[in-house]
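See structure below.
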Amino acid sequence: MFYFDNVLGKQVLKSDYLKNVNHFFTTRDGFDFDKTGAVRVLSPGQTHSSNVEIADERAEYPDTDGIIISKPGDAVYLRFADCTPLMFYDKENSIAAVSHAGWRGTAVKIGVLTVNKMIENFDSKPKNIIAVIGPAISVCCYEVGDEVKEKLLATVSDKSGLFDGMKVDLKAINARQLTESGVEKIDICPYCTFCDNDKFFSYRKENGTLSRHYAFMML
């Protein structure tokens, strides 16, 4: 379940699925990540790619749309304005990740790619991974063309309940991909960035706005 909270005087959104890890989704209030107490804050250069990196000693991660962190004090944030934020936490291995899934990221299953990288590099078990799908444009407001719809629906075996005519549910498609890959615990945010534009930024509703809200995690 999602709930609003106040962190350092700013309104943020959290999931009670991740009550044991420092995380939040910012709102239109913004946020100063220098005040989080993190030893290091990483923010990758997002390009709607399928690239997921493991945080190491590098300071920059260009052309990267997912980062896995494993060191205490490390933090990461990604930027959003309609695209789907994906958070992951494996308590057994003390690792966390944030990924960016627009329609292109969803089409290449970046959430599953992130989970697979956690499995391959940290011996994570899908059943131990908690996934949280943050505020994004919802099926009510996300109409696409035939080609995009076909690419998105081709990523899952069970296509039921994922579309309404030419409108597709990016949050539900990401959740279905994760479920089909073995992730069992998934929290899906009910907020639509287009409908709830008073709380979040929307690229579609605000005619290509450059403003963004953020998904933040810290170990």
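Could you please find all residues in the stretch 44-70 being in contact (Cβ under 8 Å) with a residue 24 or more places away in the chain, small (G, A, S) and crowded, with 20+ Cβ neighbours inside 10 Å?
G66
Step by step: first the residues of the stretch 185-219, then only those that are among the aliphatic types (A, V, I, L, M) and more than 17 Å from V139 (Cα to Cα), then the one that is surrounded by the fewest Cβ atoms within 10 Å (Cβ to Cβ). Which residue is that?
Here the answer is L210.
Within the stretch 85-100, can one find any residue that is at pLDDT 95 or above, part of a loop (DSSP other than H, G, I, E, B), under 16 Å from the mean Cα position of the chain (by Cα) and buried (at least 16 other Cβ atoms within 10 Å of the Cβ)?
Scanning the stretch 85-100 turns up no residue that is at pLDDT 95 or above, part of a loop (DSSP other than H, G, I, E, B), under 16 Å from the mean Cα position of the chain (by Cα) and buried (at least 16 other Cβ atoms within 10 Å of the Cβ).
Could you count how many residues in the stretch 39-66 are touching a helix residue (DSSP H, G or I) at 6+ places or on another chain (Cβ under 9 Å) and among the β-branched types (V, I, T)?
Within the stretch 39-66, residues that are touching a helix residue (DSSP H, G or I) at 6+ places or on another chain (Cβ under 9 Å) and among the β-branched types (V, I, T) number 3.
Give the residues of the stretch 33-43 that are closer than 16 Å to F80 by Cα and either loosely packed, with under 12 Cβ neighbours inside 10 Å or among the small types (G, A, S) (or both), sorted by residue number.
Hit for the stretch 33-43 is S43, nothing else.
Tally time: how many residues in the stretch 4-24 are outside any strand (DSSP E or B) and among the aromatic types (F, W, Y)?
Counting residues in the stretch 4-24 that are outside any strand (DSSP E or B) and among the aromatic types (F, W, Y) gives 1.
The values are calculated or read from the model by the stated rules, or taken from the named source; none is laboratory data. Bear in mind the structure is a predicted one, so any value in this text is a computation, not a measurement. Neighbour counts are summed over all protein chains in view; Cβ atoms, including those assigned to glycine, are modelled from backbone coordinates with ideal geometry.
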